[in-house]
Structures are given as structure tokens and as C-alpha cells.
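Chemist: I'd like to ask you about the structure that follows.
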Amino acid sequence: MQTPALTDLDSKYLVHPVSNFRDHQEKGVKILTSGNGAWLTAADGNTYLDAFAGLWCVNIGYGQQRVVDAAIKQMTTLPYATGYFGFGSEPAIVLAEKLVSMTPASLQHVYFSLGGSDAVDAAIRYITHYFNAIGKPAKKHIISLQRGYHGSSSTGAGITGLPAFHANFDVPTPQQHKISCPYLYRSEFATGEELIAASVKELEDKVAEIGADNVAAFFCEPVVGSGGVVVPPKGWLKAIADTCKRLGILFLVDEVITGFGRTGKMFACEHEGVEPDLMTIAKGLTSGYAPMGAVLMSDEIFNGIADGPNKAAVVGHGQTYSAHPVSAAVALEVIKIYEESMLAHAQSVAPYFEAKLQACMAHPLVGDARSIGLLGAIELVADKATKRQFDPALKLNETIADIAWKHKLIFRAFGDNILGFAPALCFTESDFDALFERLQLTLDEVLQLNIVKQEMKG
């Protein structure tokens, strides 16, 4: 039961991520109490369909007892082991080997973090160390995508291409640069091939502008997640990876959202056979059951650091909870679930999800529908013909999220009125039916709002 006491305590003491502090205090918290499969129960006593897998992360669904049992077993035997001073634990060592075996062949070494943001931060530190170690200290600049998301660490937030993560935080730095997001729906290009060619040219031009000797790396998500679930044209990722190799800059693929079956492959870069120099992962690694992320790196980077000019010096990067044995034990069990049945199940239901998503195009509000695997979005517009967006001042996304909650549905309502969906890989066809029935009710109610009617009149 949601009590006033808990609501008041939350408002008074708990700082929520990516929130307007005063607005949250005014509206109050929605307290969740339990979960089972794709469904969540809230303290108000109602059951809600979670179409966003928590925060893109609960890929196996809630209530997987075997994962809980794995955590309990590890907690009982060895709840903590530091990775400092040469110590380690069996689950972390086995997990490192497992990740190397299942990711692209270019990746041979693993550093464990607590989540995606600090995995990106670790990657930046290792990239910096690598180029200093091999005698190329000028290589400090990093290029990424507008609308891309690479966490909210003090450095990574500047590589993120979303203004909300820059405002009042003094990022991006002068060494952080952006090129256009491969966003075909809102581009000037008629075909994916044209967009890919333009992206390659823009990256080449940006590297030339900065100087190839100054550019360290290019960062991107295979699907731009928090920037609106932008699915690039097929072939884009491979073209960009090849361009980076040709220009002599490192290519980092951020699979924090897209990894572990989300796009229909274990990792999204598998769709195009891309072998990056670095990869960041988190979220689906433990399916949100415990905090953990990782950065994987190539032999070239590892050896460049290891064999640097001062071989006797320690590499001064680490965290207390890196390679945490309980998180590692959870991850190993989660991966077993993917490999035994969950990935295959997700692949089998993905066409049903895609068909339901595409059917939303018939709604007067929907200008675009896009997906890959069990990752998708619909984009709401005030005018389908011109793709005109709703006035941001309306904060329509907040109203949409509230209406969806009333219909007992949870998804991501982005600020530009893109609705993002990341259903757990355990979703059944009946779960999808419930999702789209509730979504239809939500969209129909939004369509009747006076502010929406006025905007659609122009």
C-alpha cells in the first residue's frame, strides 16, 4: 500500500535520476512493490504491463527464481571479493571468459564496472592511457552522435548527445564532438544508402577538421536508444566501423541497451559482422537483478597499455565493486537463460511485435514506427504530411505518460513525443496484445485533448 508517509519521505530525502527536482516533489513517487514476468504491481494495488523492461534492462522479466537462487548461493559462500592486490573470485573470472567467447572476436579483455555510465567512463580512461602509452598523446578528441547516449558520468555526459545531460554541467568539453544522428525519418535523404554515404562523409570531414592525429575514437550505439530509438539504415554501422579503421581512429560500440538479445542477436553489432576496438555493456548483462557493467577491449589496446614506457607502474583505474562476485554469479545465470531459451523466444515473437507496431501507423497521431528485434518506437506528430512536431512547451510527453499509467501501461515517453518500447524478451503474444490494446486507448485519449486538437489544426 502506498502510504503518505513513504511518499513524504521520498519527496524529502530521495534524489531521483534525470528528474526535475521540484516537479517530482509536487507530483510524488509511484512506488513499485513486486514483479512477475512482464508485469509490475504498484503500491496502489494495481498491476501494470511494463513495456520498457524497467530501464531497457530487465530482459528476462521479473521473478526468475533461478537468478535469485544464484545470488543467494554466492551471497552465502562469498558475498564480496576485491579485485585489488591480485585477488579475485571464480564467478568474475568465469564471466570474463564467457563474455570474451560470446562477443566479437576483436574483443579479448574485460574490465567490470557497476553499470553503463562508468563502463563508458572506464573506456575513455583506457583510451586516453593507451594513446599516451604508445606515444600519441595528441589523440584526445572523441566524436559521437547527436542524440546518442553514453551515460552521465562527468566525462561521458559530454559524449552523450542530449542537451539535458549538458545543461549546467559544463559539457561537452572542447575535445568532444558530434556528427548527425542516422535518423532517416527526419533527414533530407530519400534512401538509406544516401544517408549512409552522407554519414561517412560527415565523419571524414569532422576528422579532417580536427586532424586525424588528434582524434582518438568514435563512439556510437548500434541503435540510438535514449535519443528516440533511432534505427539506422542497414549497413550504416559497418560503413562507420570501416571508416574509423581507414582513418586510424578507435571504434567503440555502446551495447548497453542493445546487448543481450534486445535486437534479435546476442549483440547488435552481429547483424553486420562488426568487430569493434571496444564495447561497453550493462543492463541486460544481469537483467537488472544486480548492478554490473563492463568494457571489453582488443588485444591492441590492452597490450599497448601493458607494454607502455613505464611497465612497472600500476594502471590507476579501479572501483571497489569491480568484478563483484554476486553480480557476476547473477550475470552467469542470466546468460544461461538467454542461451537456453530466451533469445530464441524473443526472435520468434519479434515479427509479431513489429507487425503490431507498424499497425500503429494507421492512427492519426503516428508519423513513424520503427523497430529491430524487441526494441521499437512510434513517433507522434501534429501533421503526418509535413512531419511537424508538437510544440515542446506543451510537455505533451508527460501527459502521455500519465494517461498510459491510467491505462496500466508503462513505456518511455521522450520529450519530443517519441514513445519507446523495450519489452522483456519473455513477452508472449498475449502480452503484446495487452500492450497494444492499452496503447490504443492511450493514443485515442491523447487525440481528444484540446491542446492536441489545436496543434493538429496548425
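Here, each number is a calculation from the coordinates, and none is a lab measurement. Note that the structure is a prediction, hence the values are computed from the model and not measured. Here Cβ is always computed from backbone atoms with ideal geometry, including for glycine, and neighbour counts include all displayed protein chains.
Chemist: How large is the convex hull of the C-alpha atoms of the chain per residue, in Å³?
Modeler: Working: hull volume 70.0 nm³, N = 458.
So the per-residue Cα hull volume is 153 Å³.
Chemist: Still on this structure: Can you compute the modelled spin-label distance between residue 345 and residue 386, with each label point 7 Å from Cα toward Cβ, in nm?
Modeler: Label at residue 345, label at residue 386, 4.7 nm between them.
Chemist: For the pair residue 428 and residue 78, what calculated FRET efficiency results from E = 1/(1 + (r/R0)^6), where r is the Cβ-Cβ distance and R0 = 35 Å, to the nearest 0.05?
Modeler: On the way: r = 37 Å, r/R0 = 1.06.
For R0 = 35 Å, the calculated efficiency reads 0.40.
Chemist: Quote the charge dipole size of the range 302-458 about the Cα centre in Debye, to the nearest 20; the model charges only the Cβ of Lys and Arg (+1) and of Asp and Glu (-1). All intermediate terms of the calculation are to be shown ahead of the outcome.
Modeler: Values: 14 positive and 19 negative charges, 72 e Å.
So the dipole magnitude of the range 302-458 works out to roughly 340 debye.
Chemist: Could I ask something else about it? What is the antiparallel percent of DSSP beta bridges lying wholly in the chain, to the nearest 5?
Modeler: 65
Chemist: Just to verify a number: FRET efficiency for residue 108 and residue 18, C-beta to C-beta distance, R0 = 30 Å, to 0.05?
Modeler: Working: r = 34 Å, r/R0 = 1.14.
Between residue 108 and residue 18 the formula returns 0.30.
Chemist: Okay, next question. Dividing the alpha-carbon radius of gyration of the range 173-321 by 2.2 N^0.38 Å (N being the number of residues), what value is obtained? Please report the intermediate quantities before stating the final value.
Modeler: On the way: Rg = 16.9 Å, N = 149, 2.2 N^0.38 = 14.7 Å.
So the range 173-321 has a normalised radius of gyration of 1.15.
Chemist: Can you grab the distance from the C-alpha centre of the range 67-124 to the C-alpha centre of the range 178-237, Å, no decimals?
Modeler: 32
Chemist: Express in nm, to one decimal, how much length is gained between residue 47 and residue 170 on full extension, taking 0.36 nm for each residue of separation and deducting their alpha carbon distance. All intermediate terms of the calculation are to be shown ahead of the outcome.
Modeler: Values: separation 123, 0.36 × 123 = 44.28 nm, distance 4.13 nm.
Contour length minus the Cα-Cα distance gives 40.2 nm.
Chemist: How big is D for the range 73-118, in µm² s⁻¹ as a whole number, if Stokes-Einstein is applied with the Kirkwood radius of its Cα pairs at 4 °C and 1.567 mPa s? Present the calculation step by step, with values, prior to reporting the outcome.
Modeler: Values: Rh = 12.3 Å.
Answer, rounded: 106 µm²/s.
Chemist: Please compute, for the alpha-carbon atoms of the range 66-336, the extent along each of the three principal axes and give them in descending order in Å.
Modeler: 58, 43, 39
Chemist: Between residue 65 and residue 407, what is the label-point separation in nm under the 7 Å Cα-to-beta-carbon projection?
Modeler: Calculated label separation equals 3.5 nm.
Chemist: Restricted to Cα positions, what overall size does the range 325-458 have along the principal axes? Three whole-Å values, descending.
Modeler: Computed over the range 325-458, the largest-to-smallest principal extents equal 55, 31, 25 Å.
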